[in-house]
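Undergrad: Below you will find the structure I want to go over with you.
The values are calculated or read from the model by the stated rules, or taken from the named source; none is laboratory data. Just so we're clear, the structure is a prediction, and the values are computed from it rather than from any experiment. Ideal geometry is used to build each Cβ from the backbone, glycine not excepted, and the neighbour counts take in all protein chains shown.
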């Protein structure tokens, strides 16, 4: 799932195919940050909406806003903060179903432990 717009869908698929071949079976575009013109023909969805539509139980994201929204709607969130260097997602407190993670190893450990 990405905040990217559908207008750059071909570029996104090309990048994913080149760098992560056979890793993902689909990409969901939320269409965030639309220009006025794009908003006349495209609609945005929250990541919470998309999670509910596709049945996702966990969101891995670096956005504090998406983390709070999903957490408030019962979706577990792993808030990615690479080496605790992401200044845009700092918060003194996080909802109980949000875990801050600093790397992919921590994510795998948390997911395996929750099985």
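Undergrad: Answer yes if at least one residue in the range 10-32 is surrounded by fewer than 17 Cβ atoms within 10 Å (Cβ to Cβ), part of a helix (DSSP H, G or I), modelled with pLDDT under 95 and touching a helix residue (DSSP H, G or I) at 6+ places or on another chain (Cβ under 9 Å), and no otherwise.
TA: Scanning the range 10-32 turns up no residue that is surrounded by fewer than 17 Cβ atoms within 10 Å (Cβ to Cβ), part of a helix (DSSP H, G or I), modelled with pLDDT under 95 and touching a helix residue (DSSP H, G or I) at 6+ places or on another chain (Cβ under 9 Å).
Undergrad: Tell me which of these residue 54 doesn't satisfy, since it passes every other one: (1) in contact (Cβ under 8 Å) with a residue 24 or more places away in the chain; (2) surrounded by 11 or more Cβ atoms within 10 Å (Cβ to Cβ).
TA: For residue 54, the exception is condition (2).
Undergrad: Now for a different question. Please work out which residue is modelled with the lowest pLDDT, limiting yourself to the range 62-88 and to residues that are surrounded by fewer than 18 Cβ atoms within 10 Å (Cβ to Cβ) and within 24 Å of residue 27 (Cβ to Cβ).
TA: 88
Undergrad: Looking at the range 11-33, I want the residues that are in contact (Cβ under 8 Å) with a residue 40 or more places away in the chain and have a partner that is surrounded by 10 or more Cβ atoms within 10 Å (Cβ to Cβ) and in a loop (DSSP other than H, G, I, E, B) with Cβ atoms under 7 Å, at least 6 apart or on another chain. Which pairs are those?
TA: Pairs that qualify, where the first residue is in contact (Cβ under 8 Å) with a residue 40 or more places away in the chain and the partner is surrounded by 10 or more Cβ atoms within 10 Å (Cβ to Cβ) and in a loop (DSSP other than H, G, I, E, B): there are none.
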